[in-house]
1. Can you name every residue in the stretch B:161-173 that is of a type in the set (S, T, N, Q) and not in a helix (DSSP H, G or I)?
2. What are the pairs, 6+ residues apart or on separate chains, where a residue within the stretch B:200-229 that is on the phi > 0 side of the Ramachandran plot and more than 14 Å from chain A (Cβ to nearest Cβ) has its Cβ under 8 Å from a residue that is buried (at least 21 other Cβ atoms within 10 Å of the Cβ) and modelled with pLDDT under 95?
3. Keeping to the stretch A:179-198, report how many residues are part of a helix (DSSP H, G or I) and within 14 Å of residue A:165 (Cβ to Cβ).
4. Please return the ranges of helices (runs of 4 or more DSSP H) entirely within the stretch A:1-105 where 3 or more residues are within 14 Å of another protein chain (Cβ to nearest Cβ) and modelled with pLDDT of 95 or more.
5. Provide a single number: the residues in the stretch B:161-215 that are more than 15 Å from the chain's Cα centre (by Cα), within 18 Å of residue B:129 (Cβ to Cβ) and small (Gly, Ala, Ser).
6. Which one is surrounded by the most Cβ atoms within 10 Å (Cβ to Cβ) among residues in the stretch A:121-157 that are in a helix (DSSP H, G or I) and of a type in the set (S, T, N, Q)?
7. Is the stretch B:178-186 home to any residue that is within 14 Å of chain A (Cβ to nearest Cβ) and buried (at least 20 other Cβ atoms within 10 Å of the Cβ)?
8. With the condition kept exactly as written, say whether any residue in the stretch B:79-100 is within 24 Å of residue B:174 (Cα to Cα), hydroxyl-bearing (Ser, Thr, Tyr) and touching a residue at least 12 places away in the same chain (Cβ under 8 Å).
Amino acid sequence: MLLRLSRRGEKKVSEIVDGRGRPCPQPVIMTKKVLEKEPSKVKVLVDNQVACQNVTRLAEKMGYEVEITEKESEFSLYLSKGEKREREVLTSTSTVFLITSEVLGRGGDELGKVLSRAFFPTLTETASRPRSLIFINTGVRLVVEDSPVLDSLRSLVDLGVEILACGTCLDYFGLKDKVAVGTVSNMYDIVETLTTADKVISL
Amino acid sequence: MGFETSDDAAIYKLNGKLALIQTVDFFPPIVDTPYLFGQIAAANAMSDVYAMGGRPVTAMNLVAFPCGTLGQDVLAEILRGGAEKIKEAGAVVVGGHSIEDKEPKYGLAVSGLVEIENLVTNAQAKVGDRLVLTKPLGMGILATALKGGEVDEGEIMPAIEMAATLNRTAAEVMTKIGVNACTDVTGFGLLGHLKILLDASGVGAQIKAEDVPVWPQAVSLAEIGLIPEGCYHNEEDLQNSVKLGSLEDSLKSVFFDPQTSGGLLISVSRQRSDELVNALKQAGLNTHAVIGEVVPQAGGVGVIEIV
């Protein structure tokens with residue numbers, strides 16, 4: 001069942017489980033089937049205290065936080081995926097950065113280098129991390145051994161960010177055997193990553 | 001014995017040496033296979049006779065059945081299960097009664113006999129006694145999971161077979177050794193039936209949680225909320241009589257879980273407890289355990305402390 005609630009005052013959920021009028025243990029079984037698909041928010045309706053307690057126990061065991069409202073002997077349970085899951089969702093938002101140069105911005109290379117050295121450490125600290133970083137042209141100089149931003153890029157990899165460096169570019173600059181972080185990639189993968197992203201930020 | 005001590009069965013003195021035991025029990029199916037349901041219901045009904053130290057002699061079938069919706073073959077299988085269990089107990093089926101009902105139910109009215117010197121009530125537990133439980137807990141939770149399709153009969157067959165097992169051997173051993181008090185664990189769960197025994201005897205108890213035999217599947221199913229309504233009622237009824245300590249929730253549910261055809265809960269003197277445990281083992285039982293001991297009452301109330 002997929003219902004979107006947009007009435008004012010109602011919480012937005014991705015699934016609703018209606019366990020009212022169902023004999024024990026149907027409300028638990030129905031909820032379990034839904035939670036196994038790992039939705040972020042679920043609303044469960046039951047009409048007795050026992051079902052309310054049982055669904056709560058199930059939801060908490062499966063990593064959901066439970067908020068209960070009672071109205072005229074009907075219980076609405078709002079289940080939301082716990083904090084840990086939230087962080088994972090943020091990391092896997094499909095935003096891709098395309099880094100086309102070792103310097104950020106145009107007009108002054110010295111300034112561009114300074115900006116570049118500030119940009120990547122800052123990226124490790126933001127809550128919303130990209131899915132992938134793609135390095136092309138002189139950008140590939142940032143993934144090799146003496147790169148000034150190597151530590152930051154390694155931290156991003158640890159945080160689940162994918163780093164792709166264009167193989168053709170690395171060849172061109174004779175840097176293929178000096179790659180210190182990420183994967184040597186090809187045009188096909190790069191194009192695939194860019195076209196399947198929700199958002200592409202080009203630097 | 002009067003109604004004050006809520007004992008397991010009615011006792012009627014026939015003469016100086018012998019007493020008549022009478023008890024009755026019936027309920028809707030808790031498993032899917034009709035034959036197994038018959039076996040469990042019969043074992044359950046006769047259990048109260050064993051809890052008094054007696055033996056069943058006659059049984060009468062109590063049947064409620066939806067003749068229009070379920071076939072006669074289903075009823076035949078239920079009755080066959082019951083009949084074979086009654087025969088196993090050394091008793092005879094002497095009749096019965098059936099009515100039309102939307103939901104099937106089955107059980108027995110049982111008459112038994114007990115030598116008065118062997119009679120075991122629930123009212124003579126003594127401070128210092130050891131408490132022995134003969135079957136694992138968790139049948140209510142397992143039946144709920146089965147009903148919901150979360151497990152199938154095959155996955156819980158050991159528990160089903162245990163529910164279909166007569167408390168006959170346990171009763172024979174306990175009367176041979178000599179015990180102070182006994183009850184069987186059924187609808188009120190371990191803690192509910194223990195409380196009745198403690199109140200009747202004017203004592204309290206300390207239970208060691210890790211020593212209580214439980215079906216492991218029941219614990220993990222309780223974790224995901226497959227808990228029968230009866231469990232919550234039992235907990236509510238006992239909220240002023242049980243100190244739960246640091247008992248984790250799922251195990252707590254198993255201790256309050258309503259049982260069907262559960263084991264005997266025996267209060268035996270400290271001196272005879274080892275002998276009883278060994279004799280039960282010798283007789284072929286392997287699920288029994290000492291789960292705690294009888295302590296003085298606390299402030300006039302039979303309190304159960306779980307450690």
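The values are calculated or read from the model by the stated rules, or taken from the named source; none is laboratory data. These numbers were taken from a predicted model, which means no experiment stands behind them. Methodologically, a virtual Cβ is constructed for each residue, glycine included, from the backbone with ideal geometry; neighbour enumeration extends over all protein chains shown.
1. Here is the first cut: in the stretch B:161-173, the ones of a type in the set (S, T, N, Q) are B:165, B:167, B:169.
The answer is B:165, B:167.
2. Within 8 Å, the pairs are B:202/B:302.
3. As a first pass, look at the stretch A:179-198 and keep what is part of a helix (DSSP H, G or I): A:187-196.
Then drop every residue that is not within 14 Å of residue A:165 (Cβ to Cβ), which leaves A:187, A:189-190, A:193.
Matching residues across the stretch A:179-198 total 4.
4. Hits in the stretch A:1-105: A:26-35, A:49-61.
5. Selection size over the stretch B:161-215: 6.
6. Let us first name the residues in the stretch A:121-157 that are in a helix (DSSP H, G or I), namely A:121-125, A:137-143, A:150-157.
Still in the running and of a type in the set (S, T, N, Q): A:122, A:124, A:137-138, A:152, A:155.
Details: A:122: 10, A:124: 17, A:137: 15, A:138: 15, A:152: 21, A:155: 16.
The qualifying residue surrounded by the most Cβ atoms within 10 Å (Cβ to Cβ) is A:152.
7. Here is the first cut: in the stretch B:178-186, the ones within 14 Å of chain A (Cβ to nearest Cβ) are none.
No, the conditions are met nowhere in the stretch B:178-186.
8. Checking the stretch B:79-100: not a single residue is within 24 Å of residue B:174 (Cα to Cα), hydroxyl-bearing (Ser, Thr, Tyr) and touching a residue at least 12 places away in the same chain (Cβ under 8 Å).
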